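Reading through the structure tokens given below for one structure.
Values in this text are rule-based calculations from the coordinates and carry no lab data. Given the structure is predicted, the values throughout are model-derived calculations rather than measurements. We place every Cβ from the backbone using ideal geometry, glycine too, and count neighbours over all the protein chains shown.
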Amino acid sequence: MRHAWFISFEGIDGAGKSTHIEGLAQWFKSRGHVVTLTREPGGTPLAEKFRELALHESMDPLTEALLMFAARREHLINVIEPALKRGEVVLCDRFTDATFAYQGGGRGFDWNVLKLLEKMVQQVPASRLRQPDLTIWFDLPPAVAAERLSTARVPDKFESQPQSFFQAVRDAYAKRMQEAPSRFAQIHADQSRDAVWADVLKAVEMAYAK
Ligand code: TYD
């Protein structure tokens, strides 16, 4: 049985990833794994403070990108790396692809600067660049997501962006997938919850078998 495993979950706001992340945590636990369920930005007390700022204060695009990566560094060093070292399954609600999608695609911030920051921040002591072993991308047309979000709670800074923003975010996820196709599983999220769950499990089982 495979042990340490790092899975990230991505998609535009409203894509419906939360219930499936919970489901997958149960799925892994029932197979005897210890699961660390976490999220970005956030996952440590300090990174949660950065999250609060990033999601609710307006700021310069570079500041926003740096804040996302600052939160990530804290999270990676204090939570993700130790959990992987203990042989756990780490399920992370968003990771660096979200920065490329939201700050890169949505905000139009320089893709190459983000790549530089990614290299700096995800360099871990064993001198390798930490990336998820698998990224599950819930791909949903922005128009459908907007409809789902319209009935949701009070929107944060990103959730209140127009549909064109989410189209750019969605396209940036597609670009990230093109850059690292073997890491990604693209899930068509515009289906029933059961059908999406079946696709999520299929993606995990396929990656598991590798
Ligand atoms: P989200 O993951 O959707 O959490 P919730 O379900 O509690 O709303 O919210 C996080 C928001 O932060 C989301 O709109 C995407 C944004 N975000 C970025 O802009 N850049 C990043 O690097 C990350 C990790 C998230």
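Straight-line cross-link reach from K157 at under 14 Å between alpha-carbon atoms covers these aspartates and glutamates, not counting any fewer than eight positions away in the same chain: D13, E52, E57, D60, E64.
Bridgeable lysines around K85 (alpha carbons under 22 Å apart, same-chain partners fewer than 8 residues away excluded): K29, K119, K210. Dividing the helix sum by the residues of the chain, where each DSSP H run of 4 or more adds -39500 (n - 2.57), gives a mean residue ellipticity at 222 nm of -15000 deg cm²/dmol. Where does the Debye-calculated log10 I(q)/I(0) of the range 5-209 sit at q = 0.08, 0.16 Å⁻¹, using only Cα point scatterers of equal weight, no solvent? For the requested q values the scattering log ratios are -0.25, -1.10.
Between M120 and K202, the modelled labels are 4.2 nm apart [label points 7 Å from Cα along Cα→Cβ]. Site pair S58 and R148 shows an inter-label distance of 2.8 nm when each label is modelled 7 Å from Cα along Cα→Cβ. Ranking T151, S182, L67 by Cα position along the charge dipole of the range 5-209, where only Lys, Arg, Asp and Glu carry charges on their C-beta atoms, puts S182 farthest toward the positive end. By the rule of a C-alpha distance below 17 Å, with chain neighbours fewer than 8 residues away ignored, the lysines paired with K175 are K115. As a calculated quantity, the FRET efficiency between D110 and D194 at R0 = 45 Å, using C-beta atoms, amounts to about 0.65.
A simple rule links phi to the HN-Hα coupling: the Karplus curve 6.51 cos²θ - 1.76 cosθ + 1.60 with θ = phi - 60°, which for the range 175-192 gives 5, 4, 5, 4, 6, 8, x, 6, 7, 9, 10, 8, 10, 7, 7, 8, 9, 5 Hz, with x for Gly and Pro. Only one residue of V35, T135, Q167 has its Cα farthest out toward the positive end of the dipole of the range 5-209, where Lys and Arg carry +1 and Asp and Glu -1 on Cβ, and that residue is V35. Here the chain is assigned +1 on the Cβ of each Lys and Arg and -1 on the Cβ of each Asp and Glu. Its dipole about the Cα centre then comes out at about 700 debye. Put in line by how crowded their Cβ is, counting other Cβ atoms within 10 Å and starting with the fewest, R130, R73, R153, R86 read R153, R86, R73, R130. Grouping the Cα pair distances of the range 1-84 into 10 Å bins from zero gives a pair-distance distribution of 16, 41, 34, 9, 1 percent in increasing distance order.
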